[in-house]
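**Student:** Quick one: structure below, then a few questions.
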Amino acid sequence: MTTLQGLIRRGIINTNVQFERLGYISSNIGNLNTNAYKQVRFEQILDENGYLDGEVRYDYSQGAFMKTNQPLDVALTGPGFIPVTSPNGEVQYTRDGSFKLDKDGYIVTNDGYLVGDGIKVPVNHEGLRIKQDGTVLIIEKGHTQHTVLGKIPVVQFQNPEGLKPAEYNKVVPTADSGEPRLVKEHNYIAQGGLERSNANYIANVNEVLRLNSSMIAGTRLIKVIDDMYQRSINLTQ
């Protein structure tokens, strides 16, 4: 038999779970314009005692391609991630291909992570081309032949949902994701564009509205039960 105190406790716990779900949905909406952002799903589970719990899942489906015509912008058109290395040597992984050149001419992410093993672009070049397999080529001034500078690698994980989110739209591997595996032959890289977020604006807004109604109803129920509890205490005094 559930007491009034138990009903209040269950109501508070369930409302907190819904608040957590609302936070993930709000993050999806807030990252609609974040390059290659992957939508988060918070799947609620109701146990036999009426308590809510939740499981966080990441949707790694492909986002739409947005053309930019910027030579250092690349989009991944297939599964996988690009390894990038921080200034202190930590390797992380991203699908955000909005790259640039640092002061030394290396291709880096917007926050300064080195792309791949380090691809240095000389100053005296007339054009930069990135092939679908990630090979980076240039034509030096006064030359007609392309020079290969390096290759943007692509890796895959056995279980991408096991990856742990990191700062600035990157991920790091875990025991659940498995170790990265280099994709040797692919045509996943498209130059001159970026992958957009795969978050669905309309679906997430509708989810917020439904969740808001549910949370209002839940908090009202807690108040009603709390009033009943207070009255029952007063009757015993």
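Throughout, read-outs are computed from the coordinates displayed, never taken from laboratory work. Predicted model only: the values in this text are computed from it and were never measured. Reconstructed Cβ throughout: ideal geometry from the backbone, glycine too, with neighbour counts over all protein chains shown.
**Student:** Listed highest first by mean packing, meaning other Cβ atoms within 10 Å per residue, what order do 43-53, 105-115 come in?
**Tutor:** 105-115, 43-53
**Student:** Taking H placed 1.01 Å from N in the peptide plane, check which residues at least 5 places from V121 or on another chain put their amide H under 5 Å from its amide H.
**Tutor:** For V121, whose amide H was placed from the backbone, the distant partners under 5 Å are Y106, I107.
**Student:** Positive end of the dipole of the stretch 1-97, charges at C-beta (+1 Lys, Arg; -1 Asp, Glu), about the Cα centre: which of I29, S86, A75 has its Cα farthest in that direction?
**Tutor:** Working it through, the farthest residue towards the positive pole turns out to be I29.
**Student:** Something else about it: From the backbone phi of the stretch 78-85, what are the Karplus-calculated ³J(HN,Hα) couplings (6.51 cos²θ - 1.76 cosθ + 1.60, θ = phi - 60°) in whole Hz, Gly and Pro given as x?
**Tutor:** In residue order, the calculated couplings are x, x, x, 9, 9, x, 9, 10 Hz.
**Student:** Give me the orientation-averaged projected area of the Cα convex hull of the stretch 37-145, in nm², one decimal.
**Tutor:** Mean shadow area of the hull around the Cα atoms is 9.9 nm².
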